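Below is one structure, written out as structure tokens; comments come after it.
Read the figures in this text as sums done on the coordinates, not as results from a lab. Since we're looking at a predicted model, the values are computed, not measured. As a convention, Cβ positions derive from the backbone with ideal geometry for all residues, glycine included, and neighbour counts pool all protein chains shown.
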Amino acid sequence: MPVMESHQAFVTGPEGQTAMAKLTGYMPGNKIAVEKAELLGSFYASHPNHSTSLKQVPVLGEWTSFPGENALKIIEVIKDHTEALVTARYGATETMPKLVQDVNNLMPAQCK
């Protein structure tokens, strides 16, 4: 298994999700990690405030994102332009057209 795939398998697996939830407070995406007492099951039982996100599962909807293989790059481009705007490196008049152009350049052809 290539290194990247083995890291992905760990991060999305029960042990990785347990570590992530305990260290960050984020909701784990792995049901096994939540249900096994030796992973997060007993953790949530003894730390009920940490289980708040799990109570939201019944009302969660689909997570939408930008289409195509550049979805993460698009988010990064938007973040970079927003950072330049809020730190006053650039004004809105110059930032917005560049942001739109950069995002459009990363969108799949069928979305343009």
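Each of L23 and E94 was given a label point 7 Å from its Cα along the Cα-to-Cβ line. The distance between the two points is 3.9 nm. When peptides 106-112, 95-101 are sorted by average Cβ neighbour count within 10 Å, with the highest value leading, the order is 95-101, 106-112.
Here the contact order of the chain, divided by its residue count and restricted to Cα pairs under 8 Å and six or more residues apart, works out to 15 percent. If you take all other residues with their beta carbon under 12 Å from the beta carbon of Y90, and give Lys and Arg +1 and Asp and Glu -1, the sum is -1. Helix content alone sets the calculated 222 nm mean residue ellipticity of the chain: runs of n ≥ 4 DSSP H residues at -39500 (n - 2.57) each, divided across all residues, give -16500 deg cm²/dmol. The magnitude of the dipole of the chain, with charges of +1 and -1 set on the Cβ of Lys/Arg and Asp/Glu and taken from the Cα centre, is near 200 debye.
Potential lengthening of the chain between H47 and F10 amounts to 10.9 nm, from the contour at 0.36 nm per residue minus the alpha-carbon distance. The ellipsoid equivalent to the alpha-carbon distribution of region 3-59 has semi-axes of 20, 12, 10 angstrom, derived from the gyration tensor eigenvalues as √(5λ) and listed largest first.
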